[in-house]
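The values are calculated or read from the model by the stated rules, or taken from the named source; none is laboratory data. Values in this document were obtained by computation on a predicted structure and should not be read as measured data. Positions of Cβ are generated from backbone atoms using ideal geometry, with glycine treated the same way; all protein chains shown enter the neighbour counts. Areas reflect the complete protein model, heavy atoms only, side chains present, ligands, DNA and RNA absent. Shrake-Rupley method; radii C 1.70, N 1.55, O 1.52, S 1.80 Å.
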Amino acid sequence: MNNQENTPITTHNHFNLTARILHWLMAVMILAMLFIGVGMMSSLHYRLWLINLHRPLGIAILLLVIVRLINRLRNPPPPLPASLPQWQVLAAKGSHILLYLLMFALPLIGWVMLSAAGYPIVLFKGFNLPAIAPTSPVLYAWLRDAHSILAWLLFVVVIGHLSAALMHALIYRDGVFSSMAKGSNQQE
Amino acid sequence: MSQLNLRSKRTWLALALIAVIATTLITAFAWTAGWIGQRKTTENLVTEAVQPFPAGFRRAHGKGICYVGNFRPNKDIMSLSTARVFSQPNIPIIGRFSIGTGDPHAVDSSTKTISMALLLTTDDKQQWRMAMNNVPYFPTHNPEGFLAMRKATAPDPATGKPDPERVARFLQEYPEAEKFLKMTAAATPPDSFASATFYSVNTFLLVSENGKKQPIRWMMRPHEAQLPLAETKQQQSTDNFLFDDLRHTLEEQPLMWDLVLQLAQPNDPTNDPSQPWPQDRQQIIAGTLQVTSVIDQAKGACRDINFDPSIVPAGIEVSDDPILSARSGAYSHSFNRREREIGYGKATDAVGK
């Protein structure tokens, strides 16, 4: 107990407020984005509506993940419980790195891919983003496939992440879920 | 603590709940993507008429030729729309003429449908893409109807002709298609691209500076007149007579079309491309398209352009026409398939190899 009082910095058990807001906001945005993405490629009636959401939402995710990464580097996340087996620690860290990579890669690939196809990259009516690659069927073919495959991968990782989080919330009850769900009572 | 207590009923209940949540999300995702369930998708709109389909060609209207030219707008339209296409004096264009068959190597006399597509890029980097046929309206009011029509009018393997009973059942569900089927059956085959009128069957909205929205449809009306019938008959003996004719004509003179806008009245349907608006609706010439030369599509810029008609510049908007959204999806699938084949080096004659 005395130990804890002397070293408050190393014993924080919760993500800071910025991290928690960004996490839950982006959770909703990313899940919506994945459904919008497959929906706009299949829907007979709602494609135009969905595709007009897809581009600005993708750019919003790209901007937010930059803010989120900076916040994370300046405010390291709470340590995982010591009781966690090594393989779960590795799975947690690995999937978090993968999630960050995909949150950056998918919007960027989308942007380059639309540039390579020569499409106007309409963010909203009257405002287009500049093309950031030359038009090229080779570039478009590769990136279009990469965009799909990485989106499916992101969906799989999101489902895994959600399931693991619920395991912590409902079964282990070791504070991992609450570290993102709420703030510390004493500190904030 | 991080061990599963498999003897606890609570653990099993929690695991079951997590499995239900994950499975629900995965099922919903697969359904949205069209992988499971009976939902009709834009993928159903794309068919491949020949098997195996030649790599790198468009799945519909695969036989075509690229063209370049310019568009000069009528500045009076500026009061109806803020789009730069109506104020920039001279706009370079890229386009494509094609015939309406699924086989990219079909002979020109195999269809009555011919098409003009074009892309206008203005100096403010806005794009306007169009894809028009020589048919003034769409067969059905929605994309499901179009799928049903294709099924109903497909030749019966036994007779080689559409089954009249299936056609009758289709027309009961989509009575609006009857006038389309009659019109296309009675239509005379086109004698040239140069003298054809091309229609945007879908409705768009012009947006003026004060935000007023005017629903429009348009056509490209040719300056060139129809050829005398005797001359046409003689020409049609060759497999590529439409494209040969276009090439020869353009060696001597450019070809012109007027972009004619039809302005809707308040109660004209904007969400049903199978219903033409009354003939007496006001028409305005919004500009003149000049086609100056053609380039083989294997080498021309039009090859790698998706002429998705839902891509419109600021100052023009898509309407609530449901066919527009479906067309955009179908064109995108066709574009992705052929660019994939071209990009991965699988295309041969489509890229002139």
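One residue is enough: does the stretch B:38-60 have a residue meeting the conditions of a type in the set (Lys, Arg), crowded, with 19+ Cβ neighbours inside 10 Å and more than 10 Å from every other protein chain (Cβ to nearest Cβ)?
Yes.
One line per residue, one yes/no per condition, for (1) closer than 20 Å to residue A:157 by Cβ; (2) outside any helix (DSSP H, G or I); (3) under 20 Å from the mean Cα position of the chain (by Cα); (4) more than 14 Å from chain B (Cβ to nearest Cβ):
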| site | (1), (2), (3), (4) |
| --- | --- |
| A:38 | yes, no, yes, no |
| A:43 | no, yes, no, no |
| A:65 | yes, no, yes, yes |
| A:70 | no, no, yes, yes |
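Checking the condition of a type outside the set (Gly, Ala, Ser), more than 7 Å from every other protein chain (Cβ to nearest Cβ) and either open to solvent by 40 Å² or more (accessible area, probe 1.4 Å) or closer than 30 Å to residue B:316 by Cα (or both), which residue from A:182, A:125 passes?
One residue alone meets the criteria, A:182.
Which numbered condition in (1) more than 24 Å from residue B:77 (Cβ to Cβ); (2) touching a residue at least 12 places away in the same chain (Cβ under 8 Å); (3) touching an Asp or Glu at 6+ places or on another chain (Cβ under 8 Å) is the only one that residue B:170 fails?
(3)
Taking the conditions exactly as written (over 18 Å from residue A:41 (Cβ atoms) and buried (at least 17 other Cβ atoms within 10 Å of the Cβ)), does residue A:172 satisfy them or not?
yes
Any residue at all in the stretch B:26-36 that is within 30 Å of residue B:220 (Cα to Cα), of a type outside the set (Val, Ile, Thr) and part of a loop (DSSP other than H, G, I, E, B)?
There is no residue in the stretch B:26-36 that is within 30 Å of residue B:220 (Cα to Cα), of a type outside the set (Val, Ile, Thr) and part of a loop (DSSP other than H, G, I, E, B).
For residue B:200, state whether it is open to solvent by less than 30 Å² (accessible area, probe 1.4 Å), farther than 26 Å from residue B:146 by Cα and touching a strand residue (DSSP E or B) at 6+ places or on another chain (Cβ under 6 Å).
Taking the combined requirement at face value, the residue does not satisfy it.
Of the residues that sit in the stretch B:144-188 and are among the aromatic types (Phe, Trp, Tyr) and not in a loop (DSSP other than H, G, I, E, B), which one is most open to solvent (accessible area, probe 1.4 Å)?
It comes out as B:146.
What are the residue pairs meeting all of these: first residue in the stretch B:296-321, first residue farther than 16 Å from residue B:200 by Cβ and of a type in the set (S, T, N, Q), second residue open to solvent by 20 Å² or more (accessible area, probe 1.4 Å) and modelled with pLDDT of 95 or more, Cβ atoms under 6 Å, and 6 or more apart or on different chains?
B:297/B:303; B:306/B:331
Test residue A:30 against the stated conditions and say whether it is within 11 Å of chain B (Cβ to nearest Cβ), within 26 Å of residue B:30 (Cβ to Cβ) and at pLDDT 95 or above.
Judged against the criteria, residue A:30 is not a match.
For residue B:217, indicate whether it is in contact (Cβ under 8 Å) with a residue 40 or more places away in the chain, surrounded by 15 or more Cβ atoms within 10 Å (Cβ to Cβ) and basic (Lys, Arg).
yes
In the stretch B:123-140, what residues are within 11 Å of chain A (Cβ to nearest Cβ) and either surrounded by fewer than 21 Cβ atoms within 10 Å (Cβ to Cβ) or more than 11 Å from the chain's Cα centre (by Cα) (or both)?
Scanning the stretch B:123-140 gives B:124, B:125, B:126, B:127, B:128.
Which is surrounded by 23 or more Cβ atoms within 10 Å (Cβ to Cβ) and more than 14 Å from chain A (Cβ to nearest Cβ), of B:81, B:109, B:87, B:98?
After ruling out the rest, the residue left standing is B:98.
Residue B:293 passes all but one of (1) in contact (Cβ under 8 Å) with a residue 24 or more places away in the chain; (2) small (Gly, Ala, Ser); (3) within 14 Å of chain A (Cβ to nearest Cβ); which number fails?
Here residue B:293 meets the rest and fails (3).
From B:25, B:15, B:6, grab the single residue that is within 8 Å of chain A (Cβ to nearest Cβ) and under 30 Å from residue A:82 (Cβ atoms).
After applying the criteria, what remains is B:15.
Would it be correct to say that residue A:109 is assigned to a helix (DSSP H, G or I), open to solvent by 40 Å² or more (accessible area, probe 1.4 Å) and either in contact with a Phe, Trp or Tyr (Cβ under 7 Å, 6 or more places away or on another chain) or within 30 Å of residue B:28 (Cα to Cα) (or both)?
So residue A:109 fails the test.
For the stretch B:329-344, name all the residues that are within 12 Å of chain A (Cβ to nearest Cβ), touching a residue at least 24 places away in the same chain (Cβ under 8 Å) and of a type in the set (S, T, N, Q).
B:332
(1) open to solvent by 30 Å² or more (accessible area, probe 1.4 Å); (2) assigned to a helix (DSSP H, G or I); (3) closer than 18 Å to residue B:127 by Cβ; (4) of a type in the set (A, V, I, L, M, F, W, C): which one isn't true of residue A:131, the others all being true?
Single failed check for residue A:131: (2).
Of the conditions (1) part of a helix (DSSP H, G or I); (2) over 15 Å from the mean Cα position of the chain (by Cα); (3) of a type in the set (A, V, I, L, M, F, W, C), residue A:82 satisfies every one except a single condition; which number is it?
Looking at each condition in turn, residue A:82 falls short on (1).
For residues in the stretch A:152-161 being more than 7 Å from chain B (Cβ to nearest Cβ) and within 16 Å of residue B:29 (Cα to Cα), which is surrounded by the most Cβ atoms within 10 Å (Cβ to Cβ)?
The extreme case among them is A:154.
Are there any pairs with C-beta distances below 6 angstrom linking a residue in the stretch A:46-63 that is at the interface with chain B (Cβ under 8 Å from one of its Cβ atoms) to a residue that is among the hydrophobic types (A, V, I, L, M, F, W, C) and in a helix (DSSP H, G or I), with the two at least 6 apart or on different chains, and if so which?
A:47/A:40; A:51/A:40
From the list B:283, B:253, B:262, B:279, which residue is surrounded by fewer than 19 Cβ atoms within 10 Å (Cβ to Cβ), touching a residue at least 12 places away in the same chain (Cβ under 8 Å), more than 17 Å from the chain's Cα centre (by Cα) and away from chain A (no Cβ under 14 Å)?
Step by step, each of B:283, B:253, B:262, B:279 is checked, and only B:283 is surrounded by fewer than 19 Cβ atoms within 10 Å (Cβ to Cβ), touching a residue at least 12 places away in the same chain (Cβ under 8 Å), more than 17 Å from the chain's Cα centre (by Cα) and away from chain A (no Cβ under 14 Å).
When only residues in the stretch A:138-151 that are within 9 Å of chain B (Cβ to nearest Cβ) and free of Cβ contacts under 8 Å to residues at least 12 places away in the same chain count, which is surrounded by the most Cβ atoms within 10 Å (Cβ to Cβ)?
Step by step, filter the stretch A:138-151, then rank; the result is A:141.
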